[in-house]
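*Asks:* This is the structure I have questions about; it appears just below.
The values are calculated or read from the model by the stated rules, or taken from the named source; none is laboratory data. The structure displayed is predicted, hence computed values, not measured ones. Every residue, glycine among them, receives a Cβ derived from its backbone with ideal geometry; neighbour counts consider all protein chains shown.
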Amino acid sequence: MTRWWKCDLQVATPGAKGFRGPSDPPWRLEDETSRVAAATRYMEQTRAAGVEVVALADHNDASWIATMTNAGHAASVAVFPGVEVTTASGADGIHLILIGGRDRTTADFDEVLSGVCGFGGDHPRFDPVRGTPASAPRTLIQILDALPDGYVAIAPHAFNDNGIVSRNTIKGDLRWKALHHERLGAIDVGDVRGFANSASWHSRFARRELDNFPCLPGLAFVSTSDAYALDRLGQRFTWIRMAEPTLEALRQAFLDHTVPIVCDWDEEHPAGPSPNNVGHAWVGRVTMRDLSTAGDPVEVELDPRLTVIIGGRGSGKSSVVPASGSSTAMSRDSRRRHKANSRRFAMRCSHMRRLKPNTTSPTAASSRRRLGRRWTDRARCVPKR
């Protein structure tokens with residue numbers, strides 16, 4: 001069964017340049033014992049903030065993966081290994097977060113940084129004089145093209161400096177191609193609560209209203225903290241619905257973001273303290289015996305929000321509804337409301353079956369493309385009126 005996980009998919013480790021640890025006593029990271037102690041304190045703070053899933057995003061460096069993964073396991077925090085790179089695209093380089101499966105190691109990301117991003121030899125990861133992270137020699141498109149299947153990419157702080165949508169960084173055809181690339185999983189558009197009534201390009205982008213960017217309706221938005229201090233961990237976050245925090249679960253959530261992803265700024269779907277808290281009674285499990293379609297008892301687990309029952313004709317789908325209803329004592333008013341809702345649902349389904357695909361609206365056209373032949377076959381069955 002799935003549930004909501006509180007995720008922060010862009011955090012720096014204690015070893016990242018510029019990370020602010022505690023001042024009393026300050027962190028000393030000269031040896032492994034000190035690094036383990038720092039990672040332990042870090043994950044305890046993360047868990048105290050309610051965050052259950054993090055993605056590491058040190059610039060050009062994956063050396064803390066094992067230490068952070070072990071500390072996260074001890075604190076019940078799922079850790080996705082990752083790195084952040086500055087690509088060779090745009091005026092000052094677009095930032096990109098590359099996230100791997102939870103079993104990926106430092107060696108795996110060293111290979112990604114060299115083979116995919118192009119670091120090594122004449123292109124060191126860090127400036128030899130200043131020690132700051134260097135830009136990758138390859139462009140954003142080249143990196144996305146070469147990214148192996150075991151990784152996903154997120155574009156952070158999209159509208160800020162080094163962001164994929166920042167006009168100071170990237171414009172025109174390059175920006176369009178980057179946003180429409182199939183390997184770009186999600187972007188962080190920042191806190192958009194102040195853009196509800198604005199007509200600016202930024203606001204219309206955040207509301208997915210730009211017709212010349214057809215990728216927007218299908219592009220997942222996430223909210224990340226980009227934490228470089230203990231007290232910033234979990235300040236921004238994303239609720240993601242998954243059975244378990246795996247890379248494939250993240251990928252599937254990004255592909256169908258409208259239901260399983262809720263950002264902390266989303267006012268239409270406020271998550272509150274936790275969307276896993278259910279304030280009403282529900283039937284959690286139904287066991288049916290002596291069914292004509294099954295010799296053995298059938299047990300069905302139900303979710304308080306949505307349960308989808310799939311099966312062939314005669315498999316017993318229709319038996320689940322009366323079985324779950326008979327397990328609860330409904331008042332007369334409740335039964336009346338239930339029947340009224342059922343009638344409205346049936347009328348709505350009947351109306352949908354009678355729709356003719358002759359409208360030219362973008363929504364209908366998009367629906368026809370998604371449904372494909374099924375829509376055409378349905379249209380042939382519509383009687384003339």
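*Asks:* Can you find a residue that is out of contact with any strand residue (DSSP E or B) (no Cβ under 7 Å at 6 or more places or on another chain), over 26 Å from ASP266 (Cβ atoms) and either among the acidic types (Asp, Glu) or without any contact (Cβ under 8 Å) to a residue 60 or more places away in the chain (or both) anywhere in segment 147-169?
*Replies:* yes
*Asks:* Still on this structure: Might you check whether a residue that is under 26 Å from the mean Cα position of the chain (by Cα) and modelled with pLDDT of 95 or more occurs anywhere in segment 22-39? Talk me through it step by step, then tell me what you get.
*Replies:* Applying the first criterion (under 26 Å from the mean Cα position of the chain (by Cα)) to segment 22-39 yields 39.
Next, from what is left, pick out any that are modelled with pLDDT of 95 or more: 39.
Yes, some residue in segment 22-39 is under 26 Å from the mean Cα position of the chain (by Cα) and modelled with pLDDT of 95 or more.
*Asks:* Go through segment 185-228 and report how many residues are within 19 Å of TRP239 (Cβ to Cβ) and surrounded by 15 or more Cβ atoms within 10 Å (Cβ to Cβ).
*Replies:* Here the count works out to 17.
*Asks:* List the pairs whose first member sits in segment 3-30 and is touching a residue at least 40 places away in the same chain (Cβ under 8 Å) and within 23 Å of VAL189 (Cα to Cα), whose second member is charged (D, E, K, R) and surrounded by 13 or more Cβ atoms within 10 Å (Cβ to Cβ), and whose Cβ atoms are under 6 Å apart, counting only residues at least 6 apart or on separate chains?
*Replies:* Partner pairs satisfying both residue conditions: TRP4/ARG241; TRP5/GLU52; LYS6/GLU52; GLN10/ASP226; ALA12/ASP58; THR13/ASP58.
*Asks:* Hey, can you tell me all the residues within segment 73-85 that are of a type outside the set (D, E, K, R), touching an Asp or Glu at 6+ places or on another chain (Cβ under 8 Å) and within 11 Å of ASP58 (Cα to Cα)?
*Replies:* Scanning segment 73-85 gives PRO81, VAL83.
*Asks:* Just name the residue that is surrounded by the most Cβ atoms within 10 Å (Cβ to Cβ) out of those in segment 272-301 that are at pLDDT below 75 and among the small types (Gly, Ala, Ser).
*Replies:* Only one residue tops the list, namely ALA294.
*Asks:* Scan ARG204, ARG193, ARG251 and give me the residue that is assigned by TED's automatic domain parsing to the domain that holds GLY21, in contact with a Gly (Cβ under 7 Å, 6 or more places away or on another chain) and of a type in the set (Lys, Arg).
*Replies:* Among ARG204, ARG193, ARG251, only ARG251 is assigned by TED's automatic domain parsing to the domain that holds GLY21, in contact with a Gly (Cβ under 7 Å, 6 or more places away or on another chain) and of a type in the set (Lys, Arg).
*Asks:* Looking at (1) touching a residue at least 40 places away in the same chain (Cβ under 8 Å); (2) surrounded by fewer than 22 Cβ atoms within 10 Å (Cβ to Cβ); (3) part of a helix (DSSP H, G or I), can you tell me which one GLU111 breaks?
*Replies:* It fails just one condition, (1).
*Asks:* Considering only residues of segment 1-21 that are assigned to a strand (DSSP E or B) and at pLDDT below 95, which is nearest to ASP264 (Cα to Cα)? Write out each step before concluding.
*Replies:* Just the residues of segment 1-21 that are assigned to a strand (DSSP E or B), to begin with: 3-11, 20.
Remaining after also requiring at pLDDT below 95: 3-4, 20.
Working: ARG3: 17, TRP4: 13, ARG20: 24 Å.
For segment 1-21, the residue satisfying everything is TRP4.
*Asks:* Just give me the residues in segment 140-166 being aromatic (Phe, Trp, Tyr) and under 18 Å from SER203 (Cβ atoms), in sequence order.
*Replies:* Matches in segment 140-166: PHE159 only.
*Asks:* Tell me, please, whether a residue that is assigned by TED's automatic domain parsing to the domain that holds TYR151, assigned to a loop (DSSP other than H, G, I, E, B) and touching a Gly at 6+ places or on another chain (Cβ under 8 Å) can be found in segment 126-136.
*Replies:* Yes, segment 126-136 has at least one match.
*Asks:* What are the pairs, 6+ residues apart or on separate chains, where a residue within segment 116-131 that is under 16 Å from GLN142 (Cα atoms) has its Cβ under 7 Å from a residue that is of a type outside the set (Lys, Arg) and loosely packed, with under 11 Cβ neighbours inside 10 Å?
*Replies:* none
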